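Have a look at the structure below before the remarks.
What follows is calculated from the coordinates using simple rules that are stated; it is not laboratory data. For clarity, every value in this text was computed on a predicted model and none was experimentally measured. Note that each Cβ is placed from the backbone with ideal geometry, even for glycine, and that neighbours are counted across all protein chains shown.
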Amino acid sequence: MSPTKTVIHQHCLQELKARIQTATEAMASLRESVAADTKSSMGDKYETAREMAQQELEKISRQLAMLQQWQGIFARIKTGQPLDIAGIGALVQTNNGLFWLAAPMGKITIQNTDIMVISPQSPAGKSMLGKKVGDSFELNGTVFQILSVT
């Protein structure tokens, strides 16, 4: 038996929380490192290291913003609300796997079941939006038959 949307939702929220914590800690560590660096007689080497750290901070900051955006998406999903067409928050069982339309978190495994957590804006998400049980869609040359939508 497949995990429920509530179980998948909780798993994704925990995963997001862990990713946000990791990104926050990495940013704090980098900021500490930049602040602790003192200019040495090596001048250019110091500036290069500082610039690289700044670029890394910006990269992590963008990742953190993206993770927080995903968190907002999950906050709006009502897992107890039954759905009969594929849309945001829908758990879609196909002949080629289980998909949850939420945010682009990728493959997760819960109760020995692989679930692709995807964005409705992804190619797969766009292909299944608005579809219902019995409908099919094609993605990369593979035909997917929708077996259930919850």
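A few remarks follow.
- Any hit, segment 38-55, residues being more than 20 Å from the chain's Cα centre (by Cα) and either aromatic (Phe, Trp, Tyr) or within 19 Å of Leu13 (Cα to Cα) (or both): yes
- Test: residue in segment 123-146 that is closer than 21 Å to His11 by Cα, of a type in the set (S, T, N, Q) and outside any strand (DSSP E or B): no
- Residue in segment 42-52 that is in contact with a helix residue (DSSP H, G or I) (Cβ under 7 Å, 6 or more places away or on another chain), over 30 Å from Thr142 (Cα atoms) and without any contact (Cβ under 8 Å) to a residue 60 or more places away in the chain present: yes
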